[in-house]
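The values are calculated or read from the model by the stated rules, or taken from the named source; none is laboratory data. Computed from a predicted structure; not experimentally measured. Neighbour counts run over all protein chains shown; Cβ positions are idealised from the backbone, glycine included.
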Amino acid sequence: MISTNTENDPHEPEIILSGKFLVPGEAQGAALVLAEPISLWGGLNPETGAIIDARHARVGEIVTGRVLVLPGGRGSSSASSILLEAVRAKTAPAAILTLERDGILALGAAVAREMYGISPPVVMLSADDYGKIRENQQIRISAQANTVILVSNL
């Protein structure tokens, strides 16, 4: 679905994506698109928000304030505690968009909401919509409106 973006450039279309909110919330930020899954346990430094898995193609990238777009998580259930710690340290992604249902990431976000009153929304997208997202696109997420919107299609 395409609608008119009246907030930024009225000539630039918004693309509305369909998805299932695993953890509701409101967020916006630039997309950080990972081509492969990552385990936050051993893959993300919650103190800095940096990807630290030396085997990951995006090692060194900062997730803080970005909309993290990834096929899914990888690895142990301890990844939820790393996301929880990143929320506490204010280094977490603004939101997480996945292709697969990821209960571990959703658990970390849900516990963060209970403990700290904030968390990144976690949304599972359809395969078609997941494929529309490009690096650095501005994305706005609204659980209240049940939408994920690509504000700019770069």
### Query
When you go through (1) among the hydrophobic types (A, V, I, L, M, F, W, C); (2) surrounded by fewer than 23 Cβ atoms within 10 Å (Cβ to Cβ); (3) out of contact with any strand residue (DSSP E or B) (no Cβ under 7 Å at 6 or more places or on another chain); (4) part of a helix (DSSP H, G or I) one by one for A110, which number turns out not to apply?
(3)
#### Entry: Selection within the range 81-107 - assigned to a helix (DSSP H, G or I) and on the phi > 0 side of the Ramachandran plot
none
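Residues checked against (1) at pLDDT 95 or above; (2) over 27 Å from V151 (Cβ atoms); (3) assigned to a loop (DSSP other than H, G, I, E, B):
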residue: H11; (1), (2), (3): no, no, yes
residue: G29; (1), (2), (3): yes, no, no
residue: G42; (1), (2), (3): no, yes, yes
residue: V69; (1), (2), (3): yes, no, no
### Message
So, in the range 88-104, exactly how many residues are hydrophobic (A, V, I, L, M, F, W, C) and farther than 14 Å from V67 by Cα?
### Response
2
### Task
Among the residues of the range 71-80, write down those that are assigned to a loop (DSSP other than H, G, I, E, B) and touching a helix residue (DSSP H, G or I) at 6+ places or on another chain (Cβ under 6 Å).
S77
### Message
Considering only the range 15-27, I want to know if a residue exists there that is of a type in the set (D, E), at pLDDT 95 or above and in contact with a Ser or Thr (Cβ under 9 Å, 6 or more places away or on another chain).
### Response
no
### Query
Got at least one residue in the range 79-97 being under 23 Å from L17 (Cα atoms), touching a Ser or Thr at 6+ places or on another chain (Cβ under 6 Å) and either modelled with pLDDT under 95 or hydroxyl-bearing (S, T, Y) (or both)?
no
